[in-house]
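Student: The structure under discussion is supplied below as structure tokens; questions concerning it will follow.
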Amino acid sequence: MSETWTFVCATAELLPGEMKSTFDEVTGTPIVVFNLDGELFALEDQCTHEEFELSSGTFDTEEGSIECVLHSARFDVRDGRALCAPAYTAVPKFPVKRESDGVWTRDDRD
Ligand code: FES
């Protein structure tokens with residue numbers, strides 16, 4: 001678990017409909033942060049089907065989902081739950097915050 005917040009980008013660089021990926025600076029966990037209508041959400045940047053990076057996929061702002069580019073599994077960006085096959089397991093969700101004109105996240109798993 002990381003107690004240290006990782007800087008993702010300036011708040012102005014993550015506008016509604018955009019996503020940014022980073023790595024937790026303590027654990028090395030890949031994380032993708034989504035701006036869905038002004039609200040920020042962070043998920044592990046890894047599909048639970050075959051561990052491909054989710055940030056290579058398509059962010060659907062209508063549904064609030066990310067579609068994996070490899071086999072088209074979709075996940076809800078708000079909570080990480082799998083929305084369709086071939087993925088059945090949720091993607092871990094992480095905390096995210098705006099502070100000092102920046103976007104910050106961290107892997108808070110034990
Ligand atoms: S690796 Fe993502 S759907 Fe297969």
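The values are calculated or read from the model by the stated rules, or taken from the named source; none is laboratory data. Please read all numbers here as calculations on a predicted model, not as lab measurements. Reconstructed Cβ throughout: ideal geometry from the backbone, glycine too, with neighbour counts over all protein chains shown.
Student: State which residue is surrounded by the fewest Cβ atoms within 10 Å (Cβ to Cβ) when the search covers only the range 52-72 and only residues that are part of a strand (DSSP E or B) and within 11 Å of the chain's Cα centre (by Cα).
Tutor: The extreme case among them is PHE59.
Student: Moving on to the next point. Here is a list: VAL26, VAL33. Which entry is β-branched (Val, Ile, Thr), under 19 Å from ARG109 (Cα atoms) and part of a strand (DSSP E or B)?
Tutor: Selected residue: VAL33, the only one of VAL26, VAL33 that is β-branched (Val, Ile, Thr), under 19 Å from ARG109 (Cα atoms) and part of a strand (DSSP E or B).
Student: Read through the list (1) part of a loop (DSSP other than H, G, I, E, B); (2) within 13 Å of the ligand (Cβ to nearest atom); (3) at pLDDT 95 or above, then give the number of the only condition that PHE75 fails.
Tutor: Exception for PHE75: condition (1).
Student: Something else now. Which of the numbered conditions does ALA85 fail, given that it passes all the others? Conditions: (1) within 16 Å of the ligand (Cβ to nearest atom); (2) of a type outside the set (D, E, K, R); (3) surrounded by 14 or more Cβ atoms within 10 Å (Cβ to Cβ).
Tutor: ALA85 satisfies all of (1) within 16 Å of the ligand (Cβ to nearest atom); (2) of a type outside the set (D, E, K, R); (3) surrounded by 14 or more Cβ atoms within 10 Å (Cβ to Cβ) except (3).
Student: Still on this structure, please answer the following. Among the residues of the range 91-110, which ones are within 12 Å of the chain's Cα centre (by Cα), assigned to a loop (DSSP other than H, G, I, E, B) and closer than 24 Å to PRO16 by Cβ?
Tutor: VAL91, PRO92, PRO95, ARG106
Student: Related question: Counting just the residues of the range 14-72 that are of a type in the set (Gly, Ala, Ser) and free of Cβ contacts under 8 Å to residues at least 24 places away in the same chain, which one comes out farthest from the ligand (Cβ to nearest atom)? Talk me through it step by step, then tell me what you get.
Tutor: So the first thing to find is which residues in the range 14-72 are of a type in the set (Gly, Ala, Ser), and the list is 17, 21, 28, 38, 42, 55-57, 64-65, 72.
From what is left, the residues that are free of Cβ contacts under 8 Å to residues at least 24 places away in the same chain are 28, 38, 56-57, 65, 72.
On the way: GLY28: 20, GLY38: 27, SER56: 10, GLY57: 8, SER65: 13, SER72: 6 Å.
Filtering first and then ranking leaves GLY38.
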